[in-house]
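The values are calculated or read from the model by the stated rules, or taken from the named source; none is laboratory data. Given the structure is predicted, the values throughout are model-derived calculations rather than measurements. All Cβ positions, even for glycine, are placed from backbone atoms using ideal geometry, and neighbour counts span all protein chains on display. Remember, those area values only see protein heavy atoms, side chains included, never the ligands or the DNA or RNA. Shrake-Rupley method; radii C 1.70, N 1.55, O 1.52, S 1.80 Å.
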Amino acid sequence: MLQPVSLENDRLYIHPFRSEDFNRYEKMVTDIYQILSDDDTLHFIPEKRLGSMADADTWLKSTILNFHCGHNFVHFITEKVSGKLLGIIDIISPQIVRAHYRLEQYPYFIEFYLSGKARGRKIMTTLLPEIIAELRQRNIRVLGAVVNKKNHAAQKVLLTAGFIYQSPFDPVQDLYQLSFSSTEKKLNKVG
């Protein structure tokens, strides 16, 4: 099972759900709902929209269970000063990728969402290379990402971090890959 990533800088913590987060569970549910119901955040990923606080509560409970089952590894971006949740980083296991995508190989995938208020602050441009370095230490050799063709900000973040455009994924998304070894083959969509 993938070990969680825990990082911090002068402004932010990147962390999985921690035992101390039980003390702020309701606040996290509220912050998650704000992020996953925000029009700016969901402009390119409307399918991630949560419809209610109850949905956010269910999402967080599922996230905690999925983390401990090794299915996907959600990490939170929390502002140190305010304790406010600014974003979510999801590292998706090859097992789950296989269930949802048809590819020749099934690496870990990464998705990230920032609150509308956190956009434009270069948070992911700064954090993604650090997260990638942590994943590399955990022997992850290939990372994939699927991004809406019109989401130029996310594309720029991925390219800056070393991802390479691979191919169209579907009519609205493109497939990107980051390989830590030049001998590894690029991802190819099947079907």
query = What single numbered condition from (1) open to solvent by less than 60 Å² (accessible area, probe 1.4 Å); (2) assigned to a helix (DSSP H, G or I); (3) polar (S, T, N, Q) fails to hold for Thr41?
reply = (2)
message = Of everything in the stretch 56-74, what is closer than 26 Å to Val172 by Cβ and either in a strand (DSSP E or B) or of a type in the set (Lys, Arg) (or both)? Give them in sequence order.
response = Asn72, Phe73, Val74
key: Members of the stretch 46-58 that are open to solvent by less than 60 Å² (accessible area, probe 1.4 Å) and touching a Leu at 6+ places or on another chain (Cβ under 9 Å)   = Leu50, Ala56
message = For the list (1) closer than 27 Å to Asp170 by Cβ; (2) touching a Phe, Trp or Tyr at 6+ places or on another chain (Cβ under 7 Å); (3) at pLDDT 95 or above, I need the number of the one condition that Met53 fails.
response = (1)
ask   = Restricted to the stretch 8-32, and to residues that are closer than 24 Å to Lys122 by Cα and part of a loop (DSSP other than H, G, I, E, B), which residue is most open to solvent (accessible area, probe 1.4 Å)?
value = Asp10
Top-ranked residue in the stretch 63-92 [being among the hydroxyl-bearing types (Ser, Thr, Tyr) and out of contact with any Lys or Arg (no Cβ under 9 Å at 6 or more places or on another chain); ranked as surrounded by the most Cβ atoms within 10 Å (Cβ to Cβ)] = Thr63
remark   = Scanning the stretch 126-164 for residues that are part of a loop (DSSP other than H, G, I, E, B), open to solvent by 60 Å² or more (accessible area, probe 1.4 Å) and under 16 Å from Val5 (Cβ atoms) gives Arg138, Asn139
